[in-house]
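The values are calculated or read from the model by the stated rules, or taken from the named source; none is laboratory data. What you are looking at is a predicted structure, and each value in this text was computed from that prediction instead of being measured. Here the Cβ positions follow ideal geometry from the backbone for every residue, glycine too, while neighbour counts run over all protein chains shown.
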Amino acid sequence: MSVEVKIPAVGESITSGIVSVWHKKSGDFVNAGDALFTLETDKVSTEIAAETSGVLDAIVPEGQEVKIGEVVATIDDSKKPIETAPEKTSVGDAVSVSGKPTASPTKEKPADAKTLSPAVRRIVDEEHLQPEKISGTGKSGRLTKADALAAAQNRGAAEEKVEPPSRGYGGPSIAEDRSAEGGNRRGEQSADGRFVRKKMSPLRRKIAAQLVMAQHTAAILTTFNECDMSAVQELRTKSQDAFTKKNGVKLGFMSFFIKASVEALRAVPVVNGRIEDEDFIQNNFYDIGVAVGTERGLVVPIVRDADKKSFADLERDIADYATKAREGKLKIEDLTGGTFTISNGGVYGSLLSTPILNPPQSGILGMHKIMPRPVAVDGKVEARPMMYLALSYDHRAIDGREAVTFLIKVKECIEDPKKLPLDF
């Protein structure tokens, strides 16, 4: 009986994803719980496991976008795993258990690609071998693992390059998966070495589409201001040792900006809402997204009910999310449902930027690099640690007056931290 493998629902707002990598191939025997493939969305990547044991028949190739509920493979649970023939251990005449010599081995006919065991098929695919050109030493000419390894090792540099065999599920192999412009996933270098064409990762393509969608669906405008970081820096330095000793985590700047944003959202509630069709949804809770950069792209985990959390709780959440993001362990529920986002380009040295909205949210606060700049203080010019702030907002929902009021509220809370609910 064939059991369909469908794309499961992985998040409330996610309707599609990309099959980025197959961990098993057509013809492989899989056990229930084995990872079949990795599904990448614009928010996170997750491994989809087999729900039953049997022989896999993959339908969708790597790199293809699929919808939630779409069938991407079948598993024949009536079949049992195929045992590979024992490998030959002697070049001389073999001796049977009874002590009688068996017939000398003879050269077998070339192997049929359809009869390859999973282990052999993996080597053939990875090394781009042509199994029909390799003489198998197994039963009935079957290729053994040793045959495939030997063929890969003995292939000389002068050997003619061959195309890899089909992966068995009707789509191209990794080496064959070329982009529309002709580049392949391993990169195609120009003759003079002046450029290399590489295929964009599925996650990067989804991020690109999401950003373009944000630009096309919202009327994005950005307003700027700057804040004096002196008071926060002084408070942070003064409290750091005691805070770290008590809570086991360092006191950073992000917790101050989360708290300041909550105060500003309370003062200007419209920034904490979103447009949905012809309605405006006003959120009365404060789930703040904190943008985290990873090697695979930007992700925005959500700090839930930020208004109810202490500074220590916020710092623990931020540190935990940063670790999970780097290790690729964020879950869908960690990334969905935010009402407002904060992005800190200052960690990369950005002095000023215009952040793009994180749909369907209506606002995003951009933090930047702290730089000493001359500032007039009580009629005197002093060098103060200053940070530019940027608020990008959806002008369809938020007026300029409201956006400016919001940003000034954030500035006031940072420049006078006593306006925040300090608990340390």
Handout entry: Residues satisfying the stated conditions in the range 360-384, i.e. buried (at least 21 other Cβ atoms within 10 Å of the Cβ) and either in contact with a Pro (Cβ under 8 Å, 6 or more places away or on another chain) or modelled with pLDDT under 95 (or both)
Key = Ile364, Leu365, Gly366
Exercise for the section: Specify the residue that is modelled with the lowest pLDDT; the eligible residues are those in the range 63-91 that are within 19 Å of His23 (Cα to Cα) and of a type in the set (S, T, N, Q). Expected result: Gln64
Exercise for the section: Check Gly363 against each of (1) touching a helix residue (DSSP H, G or I) at 6+ places or on another chain (Cβ under 7 Å); (2) farther than 20 Å from Ala209 by Cα; (3) not hydrophobic (A, V, I, L, M, F, W, C) and name the one condition it does not meet. Expected result: (2)
Exercise for the section: Report yes if Ala191 is outside the structural domain of Ala376 (by TED's automatic domain parsing) and at negative phi, otherwise no. Expected result: yes
Exercise for the section: Those residues that are touching a Gly at 6+ places or on another chain (Cβ under 7 Å) and surrounded by fewer than 17 Cβ atoms within 10 Å (Cβ to Cβ), I need them from the range 305-359; list them, please. Expected result: Ile332
Handout entry: Looking only at the range 405-424, and only at residues there that are of a type in the set (A, V, I, L, M, F, W, C) and surrounded by fewer than 16 Cβ atoms within 10 Å (Cβ to Cβ), the one that is nearest to Thr223 (Cα to Cα)
Key = Leu422
Practice task
Sort through Leu365, Leu357, Leu351 and tell me the only one that's touching a residue at least 24 places away in the same chain (Cβ under 8 Å), more than 26 Å from the chain's Cα centre (by Cα) and assigned by TED's automatic domain parsing to the domain that holds Val262.
Solution key: Leu351
Handout entry: Check on Ile414, in contact with a helix residue (DSSP H, G or I) (Cβ under 9 Å, 6 or more places away or on another chain) and not charged (D, E, K, R)
Key = yes
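Those residues that are in a strand (DSSP E or B), of a type in the set (D, E, K, R) and over 20 Å from the mean Cα position of the chain (by Cα), I need them from the range 1-58; list them, please.
Glu4, Lys6, Asp57
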Practice task
Scan the range 305-315 and give yes if some residue there is farther than 25 Å from Phe424 by Cα and assigned by TED's automatic domain parsing to the domain that holds Arg401, otherwise no.
Solution key: no
Practice task
Would you check if there is a residue in the range 175-192 being crowded, with 16+ Cβ neighbours inside 10 Å, aliphatic (A, V, I, L, M) and either modelled with pLDDT under 90 or within 25 Å of the chain's Cα centre (by Cα) (or both)?
Solution key: no
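Conditions tested, residue by residue: (1) out of contact with any strand residue (DSSP E or B) (no Cβ under 7 Å at 6 or more places or on another chain); (2) within 15 Å of Glu226 (Cβ to Cβ); (3) of a type in the set (Val, Ile, Thr).
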| position | (1), (2), (3) |
| --- | --- |
| Gly337 | no, no, no |
| Gly345 | no, yes, no |
| Met371 | no, yes, no |
| Met387 | no, yes, no |
| Asp394 | no, no, no |
| Ile408 | no, yes, yes |
| Pro421 | yes, no, no |
Practice task
Collect the residues in the range 26-52 that are buried (at least 18 other Cβ atoms within 10 Å of the Cβ), on the phi < 0 side of the Ramachandran plot and not hydrophobic (A, V, I, L, M, F, W, C), keeping them in residue-number order.
Solution key: Ser26, Asp28, Thr38, Glu40, Thr41, Asp42, Lys43, Ser45, Thr46
Problem - Close pairs (8 angstrom Cβ cut-off, 6 or more residues apart or separate chains): of a type in the set (Phe, Trp, Tyr) in the range 213-231, assigned to a helix (DSSP H, G or I) anywhere - result: Phe224/Leu407
Practice task
Go over the candidates Asp305, Asp317, Asp313 one by one and state the one that is free of Cβ contacts under 8 Å to residues at least 40 places away in the same chain, in contact with a strand residue (DSSP E or B) (Cβ under 6 Å, 6 or more places away or on another chain) and over 24 Å from Gly17 (Cβ atoms).
Solution key: Asp317
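Looking only at strands (runs of 3 or more DSSP E) that lie completely in the range 352-408, which have at least 2 residues being on the phi < 0 side of the Ramachandran plot and hydroxyl-bearing (Ser, Thr, Tyr)?
Hits in the range 352-408: 380-394.
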Practice task
Determine if the range 260-281 includes at least one residue that is under 27 Å from the mean Cα position of the chain (by Cα), in contact (Cβ under 8 Å) with a residue 40 or more places away in the chain and under 30 Å from Ser201 (Cβ atoms).
Solution key: yes
Handout entry: the range 323-337, residues that are within 15 Å of Arg304 (Cα to Cα) and assigned to a helix (DSSP H, G or I)
Key = Ile332, Glu333, Asp334
